[in-house]
Amino acid sequence: MQFKEITGQEAIKEQLLQTVAENRVSHAQLFLSCDGSGALPLAIAYAQYINCLDKTPTDSCGVCSSCRKYERYIHPDLHFSYPFFASKDVRIAVDVLDEWRSMLLEDPYFDLDIWRSKLNAENKQANINIAECHDIIKKLSYKAFEGETKVLIMWLPEFLDKEGNSLLKIIEEPPKNTLFILVANNQEQILSTLLSRTQIVKIPKLSDATIENYLVEKHGLSQQQATEYSFLADGNLIEAKLLVEHTQNDHADKFAEWLRMGYGNRVLDLIGFTELAAGWGRENQKNFLKYGISFLRECSLLLSGAEDLVKLPARTMDTAKKLSAHVLSLNMAEAIISELELAHYHIERNANPKILFLDVSLQLVKIIKFKTLPKGTQYIYS
């Protein structure tokens, strides 16, 4: 993995390169980011750069013996640790190392749900157990085989329970030329004892423009589609790729028309829409509902007078302004968002899509046309 293969994050790349150039690589670092920001690829590229035999000022060479092994994730001084689902056949992370390498080679941008799908997870909870901690200590106690620096990349240290305290000594006083990189999403869920022993590198979400360019260049999407998908992905490249894979619908137009049907009390049209939506498939239905939730949250910003914070594309912005000016109130938008979130929850659990979309459609009529907000909520229409 070279830096040039990673989407965006130019400032972080420059920061990491600078630490090597100035010989101030901290032995324990925490890459903190949201899903889909590229933290794991950055950690791998950083480790490869440090061990590259012919590095340039901007990247590893990609052709030396070290780089070639890093590209296939088989370098003997590169170690990974990650959550897994323990069983009688899987005691430590290396027992599913083949699956891990296969997933990295397929696409280094993934989340826990994608990793779970590659394993026999059943109903087990993922964790990094005490046996894995002992294996880490054992592996890092050896001298480097080939490279100058041994590297351990731990993905999602949030899954370390109190057993993680067994790693404190080796992190605080590591063997010579040892680098720990923890790649995490949630700082609050990491053991405070671990957190205090690492240098934090905060990796921001990808910009909408970066994801748009990626979708246009790598997936051949039109600018309009790329703009819509980047808005829905909200800086998460994993989500953007899933949208490309599963979505074939023009969410912006369809969702706006759905709201118009509710406002016009066009029951026959709503029934037709229900039939259409039921045939999309679960992933498309979920993505449509997520788009609606995101769109209405942007409308809520407009209704609250915070137009400068709205990030809707120009084509959709006009629709949002019209709806906000003539149809929606803030309370109505919040009520519809609640209905859509509940619908998304039920779709994930295999609810009947015809019944579900018809029910939500009728709720739209009640909320938008008749201004009847759900009972038992805090909404008071004025």
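For L182, nonlocal amide neighbours, meaning residues 5 or more places apart or on other chains whose placed amide H falls under 5 Å from its own, are Q29, L30, F31, M154. Only protein atoms count toward the accessible area here, which uses a 1.4 Å probe; on the stretch 248-302, the carbon and sulfur part of that area reaches 52 percent. Each Lys and Arg Cβ is given +1 and each Asp and Glu Cβ -1; about its Cα centre, the chain then shows a dipole of about 480 debye. Using the alpha-carbon centroid of each, what span in Å lies between the stretch 294-372 and the stretch 1-30? If you average the Cα positions of each part, the centres end up 41 Å apart. Here the alpha carbons of the stretch 134-186 define both size measures, Rg and Dmax, at 11.5, 34 Å. Relative to the present Cα-Cα distance, how much length would full extension add between Y142 and T372 at 0.36 nm per residue of separation? Extra length from Y142 to T372 when fully extended: 75.9 nm. Among I271, I130, I50, the largest mean-square fluctuation in a Gaussian network model of the chain, built with springs joining Cα atoms closer than 10 Å, belongs to I271. What the phi angles of the stretch 193-200 give under the Karplus curve with 6.51, -1.76 and 1.60, with θ = phi - 60°, is a coupling list of 5, 6, 4, 5, 9, 10, 8, 8 Hz, glycine and proline written as x.
Using 24 Å as the Cα-Cα cut-off, could you pick out the over-long pairs in K118/K205; K4/K69; K290/K321; K124/K241; K139/K169?
Over 24 Å apart, Cα to Cα: K118/K205; K124/K241.
What's the magnitude of the charge dipole for the stretch 275-350 around its Cα centre, counting Lys and Arg as +1 and Asp and Glu as -1 at the beta-carbon? Answer in Debye, nearest 20. Walk me through the numbers on the way to the answer.
Details: 9 positive and 10 negative charges, 31 e Å.
Dipole magnitude for the stretch 275-350 comes out near 140 debye.
A 1.4 Å probe over all protein chains sorts S87, S329, S196, S230 by accessible area into S196, S87, S329, S230, starting with the largest. Compute the separation of the alpha-carbon centres of the stretch 72-151 and the stretch 189-209 and state it in Å as a whole number. Comparing the Cα centres of the stretch 72-151 and the stretch 189-209, I get a distance of 20 Å.
Summing charges over all other residues whose Cβ lies under 10 Å from the Cβ of I128, with Lys and Arg as +1 and Asp and Glu as -1, gives -4.
Write down the accessible area per residue of the stretch 137-259 in Å², having rolled a 1.4 Å probe over the full set of protein chains. Spell out each step's value before the answer.
Numbers: 5840 Å² over 123 residues.
Heavy-atom SASA per residue in the stretch 137-259 reads 47 Å².
Suppose R0 equals 35 Å. What FRET efficiency, 1/(1 + (r/R0)^6) with r the Cβ-Cβ distance, do I271 and R116 give to the nearest 0.05? For R0 = 35 Å, the calculated efficiency reads 0.40. The alpha-carbon atoms of the stretch 199-348, seen along their principal axes, cover 53, 37, 30 angstrom, with the largest extent given first. Remark: relative contact order (the chain) = 16 percent; criterion is Cα-Cα distance under 8 angstrom and separation of 6 or more residues. Averaging the sequence gap over all C-alpha pairs within less than 8 Å and six or more residues apart, then dividing by the number of residues, gives the stretch 284-350 a relative contact order of 51 percent. Farthest towards the positive end of the charge dipole of the chain, among the residues S66, S230, L16, is the Cα of S230, using unit charges on the Cβ of Lys, Arg, Asp and Glu. A 1.4 Å probe, protein heavy atoms only, puts the accessible area of D359 near 80 Å².
For Cα Rg over 2.2 N^0.38 Å, several values are listed as (i) 1.07; (ii) 1.24; (iii) 1.15; flag the one computed from this structure. Of the labelled values, this structure produces (iii). Against the compact-protein benchmark of 2.2 N^0.38 Å, the Cα-based radius of gyration of the stretch 318-361 scales to 1.39. The residue list N265, P174, S102 was ranked by how far each Cα lies along the charge dipole of the chain toward its positive end, using unit charges on Cβ atoms, and N265 comes out on top. In the chain, which helices (entire DSSP H runs) extend 30 Å or more along their own long axis, judged by Cα positions, while averaging at least -0.5 on the Kyte-Doolittle scale? Flagged H segments are 282-303.
Net charge in the neighbourhood of L303 (other residues with Cβ under 11 Å of its Cβ; Lys, Arg +1, Asp, Glu -1) is -1.
The values are calculated or read from the model by the stated rules, or taken from the named source; none is laboratory data. Not measured: the values here are computed from a predicted model. Note that each Cβ is placed from the backbone with ideal geometry, even for glycine, and that neighbours are counted across all protein chains shown. We work out accessible area using only protein heavy atoms, side chains counted, and drop any ligands, DNA or RNA first. Shrake-Rupley method; radii C 1.70, N 1.55, O 1.52, S 1.80 Å.
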